[in-house]
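The values are calculated or read from the model by the stated rules, or taken from the named source; none is laboratory data. The structure displayed is predicted, hence computed values, not measured ones. Positions of Cβ are backbone-derived with ideal geometry, glycine not excepted, and every protein chain shown enters the neighbour counts.
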């Protein structure tokens, strides 16, 4: 699952998430990894564009919480949520805290969200942020985060891959030795 903040103008006009410039970048990143966008559940924390394209307020986020909960419940167990930007990261965490810049690359693993088992939340930059920065390192991190989310989702779907995919613990090498 890919979770964004709110629809932009193009998304609001079409009723589909991530179809503007940020959506083109997201689709290109997915395609570069061999992932068909149509096989990924993509949505936003809020479903209506806030006035002036401002950040959604807490009340607006809460108004959409039940819909997101129902959508998550309809997905297979062990959902991996790739959060795009600060709003969805904080929404999934359920509390204020550090933003994406401080958290990306660190998974929030194995916690329950609204009584739905979410295997992991993987924070990354919003595609619009990546486009504004036009920085190779940020783009590489964005694509790497998508790859991590896809790899973990695949590993959860086919548990035999999980052992080969898991990150090493403290004092372990990548081979598990």
(request) Identify the residue in the range 132-145 that is in contact with a helix residue (DSSP H, G or I) (Cβ under 6 Å, 6 or more places away or on another chain) and touching a residue at least 40 places away in the same chain (Cβ under 8 Å) and, among all such residues, is nearest to residue 94 (Cα to Cα). (result) 142
(request) Scan the range 134-168 for residues that are under 21 Å from residue 21 (Cβ atoms), assigned to a helix (DSSP H, G or I) and at pLDDT below 90 and jot them down. (result) 136
(message) Going residue by residue through the range 71-85, is there one that turns out to be in a helix (DSSP H, G or I), modelled with pLDDT of 90 or more and surrounded by fewer than 16 Cβ atoms within 10 Å (Cβ to Cβ)?
(response) no
(message) Condition (residue is within 30 Å of residue 155 (Cβ to Cβ), in contact (Cβ under 8 Å) with a residue 24 or more places away in the chain, surrounded by 20 or more Cβ atoms within 10 Å (Cβ to Cβ) and in contact with a helix residue (DSSP H, G or I) (Cβ under 6 Å, 6 or more places away or on another chain)) applied to the range 20-27: is it met by at least one residue?
(response) yes
(request) Just need a number here: residues in the range 51-87 that are over 28 Å from residue 105 (Cβ atoms) and touching a helix residue (DSSP H, G or I) at 6+ places or on another chain (Cβ under 7 Å). (result) 0
(message) Can you tell me which of (1) surrounded by 13 or more Cβ atoms within 10 Å (Cβ to Cβ); (2) in contact (Cβ under 8 Å) with a residue 40 or more places away in the chain; (3) out of contact with any strand residue (DSSP E or B) (no Cβ under 8 Å at 6 or more places or on another chain) is the one residue 32 doesn't meet?
(response) (1)
(request) Quick one: count up the residues across the range 88-99 that are surrounded by 13 or more Cβ atoms within 10 Å (Cβ to Cβ) and more than 19 Å from residue 40 (Cβ to Cβ). (result) 4
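Please specify each residue of the range 94-121 satisfying the condition of being modelled with pLDDT of 85 or more and out of contact with any strand residue (DSSP E or B) (no Cβ under 7 Å at 6 or more places or on another chain).
If the condition is that a residue be modelled with pLDDT of 85 or more and out of contact with any strand residue (DSSP E or B) (no Cβ under 7 Å at 6 or more places or on another chain), then 98, 99, 101, 102 are the ones that fit.
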(request) Please give the number of the condition residue 64 fails out of (1) free of Cβ contacts under 8 Å to residues at least 60 places away in the same chain; (2) surrounded by 13 or more Cβ atoms within 10 Å (Cβ to Cβ); (3) more than 21 Å from residue 151 (Cα to Cα); (4) within 16 Å of the chain's Cα centre (by Cα). (result) (4)
(message) When you scan the range 31-38, do you find a residue that is in a helix (DSSP H, G or I), closer than 20 Å to residue 147 by Cα and in contact with a helix residue (DSSP H, G or I) (Cβ under 6 Å, 6 or more places away or on another chain), even just one?
(response) yes
